[in-house]
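Novice: Okay, here's the structure, questions in a sec.
The values are calculated or read from the model by the stated rules, or taken from the named source; none is laboratory data. Since the structure is predicted, the reported quantities are computational estimates derived from the model, not experimental observations. We place every Cβ from the backbone using ideal geometry, glycine too, and count neighbours over all the protein chains shown. These area figures cover heavy atoms from the full protein model, side chains too; ligands, DNA and RNA do not enter into them. Shrake-Rupley method; radii C 1.70, N 1.55, O 1.52, S 1.80 Å.
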Amino acid sequence: MMNTQVPQVATLSPRHIEQPSFGRILQSLSHPVFAIDVNGLIVYANTAAEVAFDGWVVGLNLRDLLPGFTLPNVTQFDRKSVLLASKSNEAYEATLAPLGDGFFVVDLRAHSKLSETPIQTDLDDLTGLAKRNMLMSHLNVARSRVLGAASFAVHCIDLDRFKTVNDTLGHAIGDLLLKKVADRLNSACRKGDVVARLGGDEFVVLQHDVTDTAAAERLASRIVDLVGRTYVLNGHTINIGASVGVAICDENSQPRDLLRNADLALYEAKRAGRGRYRSFESSMSARLQERRDMEVDLRRALALKQFELSYQPFLDLNDDTVIGFEALLRWNHPVKGNVPPLQFIPLAEENGLIVKIGAWVLHKACMEAATWPGEMIVAVNVSPLQFKADNLLETVSSALARTGLPAHRLELEITEGALLDDTDNVLLTLTALRDLGVKISMDDFGTGYSSLAYLQKFPFNKIKIDRSFVAGGNADSEAILKAVANLGSSLGMSITAEGVETVEQLKRIRNERCTHVQGYLTGRPMRPDAIPAFLNQPLLAPL
Ligand code: C2E
Ligand code: CA
Ligand code: CA
């Protein structure tokens, strides 16, 4: 937008020369810079700091990154430098200077001194594998030997569904399983390769003598296969999977970069659907940067009031009347414009922001629905993570209490993801919500894992059949639609067909005993202020 108040000055004094913000200057520095408070809590970190410490560090204590860090006594114009080692034993010279108001700036420069000291070489008690420090020293040695085409590869490995095993079968079985995984990793590797466990279910393999990507990918694929085979432990049959990210060392990469690159590739492997491997490509770093930028924006979006809700109507097929609206989150990004929920909700789920955003959605949706006429229902999507945050019940009851919306006018839509881990607690929360009078729907039915089993575990009020089964044109999906509609009606649950776009689809779902319909045919998502006019329209023409 044009600034209409340009100062009328003939010459520019230094004060009128446009300056970039200090934040941008700090962002551009290639070494890590933090601002901390008197307790060491990180309140600002530039990009280099996030890169050096693998992610979002604001909110952590500097001690979490540099275990030996203590705040020295610095007076107003003093600076102090100390030598410190990071958790992965990298040496830094940290220079500390006061910023005033109880804040300090800490500037980190890599330092060679500590890395010359011998590195602890201990093994993991449980599995006997190398621990992080030992892995780092092997990586350093391997790095120093890289010559021409002969290189080495780093594989970052993460077990899929390990947490579920631990939660459902107990830690003793979880530990046994980790030992078995360690055995299989050892057997997948050649003598001389290093297998390490960095904690939890995170493993790393250093593969020697790698001349090309194919050689590294052969091992990655062997790991996916071996670790993914069935385990029988104390009479339990256990199926887990492994996702693997691979990075190969070149002349320019340092051990740290390699681990980070392999980890980035692992992230992509997991996003691609788990149980597979990915090799690092440089575009992955660019995507990471994009995600980080998006994450920074997302953190501010609530405070800057960039979220809004759209509402899509759903109809009762008995009398073709609108009986409620589903609240759908919209993000108006100042630069990118309208960012679709499928782009930012997965990110908000990854970093936990969805809990705060979800609470905002609940409150806003109840507030707006309280102004709607009659008994109109509002349906709100609840992310699996909101169940794990422990206070969902409180958030829902406070949204109802503060807005005055009666509980029976609120419907919560959950996906199968919510029922995957920690099912007992989720079921307790669902029961408590139902006791409040809130209705519960199973959303996106048919797209997940073992849908039918979940329907037995909890008496959902409604099943929403995913639009991929409604689209038609495929005998399988039509059979599934029919089966689910039958099952739902025999369990006393309503059935909503989602994504109905054509009259033919509507006819079919009527025949299949669906009770409700939602889709572009009967109404697109709309701004809240369009709702009164929409409700005054004549009913859906009888079809
Ligand atoms: P969903 O819960 O399955 O919501 C329905 C999505 O299908 C919406 O997309 C809606 O605009 C779209 N849709 C409705 N009718 C039709 C149709 O006839 N044809 C087609 N092609 N699409 C139709 P939207 O708004 O982009 O939302 C996408 C997803 O984002 C939602 O899928 C939901 O999983 C998630 N989401 C949206 N708002 C929230 C929220 O507040 N919290 C959480 N946790 N997730 C949300
Ligand atoms: Ca939904
Ligand atoms: Ca859905």
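Novice: Within the range 482-505, restricting attention to residues that are in contact with a Cys (Cβ under 8 Å, 6 or more places away or on another chain) and hydrophobic (A, V, I, L, M, F, W, C), which residue is nearest to ligand 1 (Cβ to nearest atom)?
Specialist: Here is the first cut: in the range 482-505, the ones in contact with a Cys (Cβ under 8 Å, 6 or more places away or on another chain) are 485, 495-497.
Retained after the next criterion (residues that are hydrophobic (A, V, I, L, M, F, W, C)): 485, 495, 497.
Values: Ala485: 18, Ile495: 15, Ala497: 10 Å.
So, considering only residues that are in contact with a Cys (Cβ under 8 Å, 6 or more places away or on another chain) and hydrophobic (A, V, I, L, M, F, W, C), the one nearest to ligand 1 (Cβ to nearest atom) is Ala497.
Novice: Restricting the search to the range 487-506, which residues are touching a strand residue (DSSP E or B) at 6+ places or on another chain (Cβ under 9 Å), farther than 21 Å from Glu411 by Cβ and either among the hydrophobic types (A, V, I, L, M, F, W, C) or open to solvent by 60 Å² or more (accessible area, probe 1.4 Å) (or both)?
Specialist: Matches in the range 487-506: Leu506 only.
Novice: Tell me which strands (runs of 3 or more DSSP E) are completely within the range 394-493 and hold 1 or more residues being under 15 Å from Cys514 (Cβ atoms), or say none if there are none. Reasoning before the result, please.
Specialist: Values: elements: 410-414, 439-445, 462-465.
Qualifying strands (runs of 3 or more DSSP E): 439-445, 462-465.
Novice: Quick one: in the range 392-431, which of the residues that are more than 16 Å from ligand 1 (Cβ to nearest atom) and of a type in the set (Gly, Ala, Ser) is least open to solvent (accessible area, probe 1.4 Å)?
Specialist: The extreme case among them is Ala407.
Novice: Could you list, in sequence order, the residues of the range 222-248 that are open to solvent by 10 Å² or more (accessible area, probe 1.4 Å) and over 25 Å from the mean Cα position of the chain (by Cα)?
Specialist: Hits for the range 222-248 are Arg222, Asp225, Leu226, Arg229, Thr230, Val232, Asn234, Gly235, His236, Thr237, Ile248.
Novice: Give the residues of the range 329-349 that are in contact with a Leu (Cβ under 9 Å, 6 or more places away or on another chain) and either more than 19 Å from Lys364 (Cβ to Cβ) or open to solvent by 40 Å² or more (accessible area, probe 1.4 Å) (or both), sorted by residue number.
Specialist: Passing the criteria: Arg330, Pro334, Ile345, Leu347, Glu349.
Novice: Exactly one of (1) at pLDDT 95 or above; (2) within 25 Å of Ala301 (Cα to Cα); (3) within 16 Å of ligand 2 (Cβ to nearest atom) is unmet by Leu410. Its number?
Specialist: (2)
Novice: Quick one: which of Asp209, Asp175, Asp158 is open to solvent by 40 Å² or more (accessible area, probe 1.4 Å) and either part of a strand (DSSP E or B) or of a type in the set (A, V, I, L, M) (or both)?
Specialist: Numbers: Asp175 fails: either part of a strand (DSSP E or B) or of a type in the set (A, V, I, L, M) (or both); Asp158 fails: open to solvent by 40 Å² or more (accessible area, probe 1.4 Å).
Answer to the selection: Asp209.
Novice: Another one. Could you list all residues from the range 432-453 that are open to solvent by 50 Å² or more (accessible area, probe 1.4 Å), modelled with pLDDT of 85 or more and away from ligand 2 (no atom under 16 Å from the Cβ)?
Specialist: Arg434, Asp435, Leu436
Novice: Related question: From the set of residues in the range 350-380 that are open to solvent by 50 Å² or more (accessible area, probe 1.4 Å) and within 20 Å of the chain's Cα centre (by Cα), which is farthest from ligand 3 (Cβ to nearest atom)?
Specialist: Applying the filter and picking the extreme gives Lys356.
Novice: Mind telling me which of the residues Ala530, Ala475 ends up being over 34 Å from the mean Cα position of the chain (by Cα), of a type in the set (A, V, I, L, M) and either more than 16 Å from ligand 2 (Cβ to nearest atom) or open to solvent by 50 Å² or more (accessible area, probe 1.4 Å) (or both)? Give the derivation first.
Specialist: On the way: Ala530 fails: over 34 Å from the mean Cα position of the chain (by Cα).
Sole residue among the options that is over 34 Å from the mean Cα position of the chain (by Cα), of a type in the set (A, V, I, L, M) and either more than 16 Å from ligand 2 (Cβ to nearest atom) or open to solvent by 50 Å² or more (accessible area, probe 1.4 Å) (or both): Ala475.
Novice: For the range 268-284, name all the residues that are closer than 25 Å to Val339 by Cβ, under 17 Å from the mean Cα position of the chain (by Cα) and open to solvent by 50 Å² or more (accessible area, probe 1.4 Å).
Specialist: Answer for the range 268-284, where residues must be closer than 25 Å to Val339 by Cβ, under 17 Å from the mean Cα position of the chain (by Cα) and open to solvent by 50 Å² or more (accessible area, probe 1.4 Å): Lys270, Arg271.
Novice: If the requirement is being within 16 Å of ligand 3 (Cβ to nearest atom) and of a type in the set (A, V, I, L, M, F, W, C), which of these qualifies: Ala530, Ala471, Ala483? Spell out the reasoning first.
Specialist: Values: Ala530 fails: within 16 Å of ligand 3 (Cβ to nearest atom); Ala483 fails: within 16 Å of ligand 3 (Cβ to nearest atom).
Result of the check over Ala530, Ala471, Ala483: Ala471.
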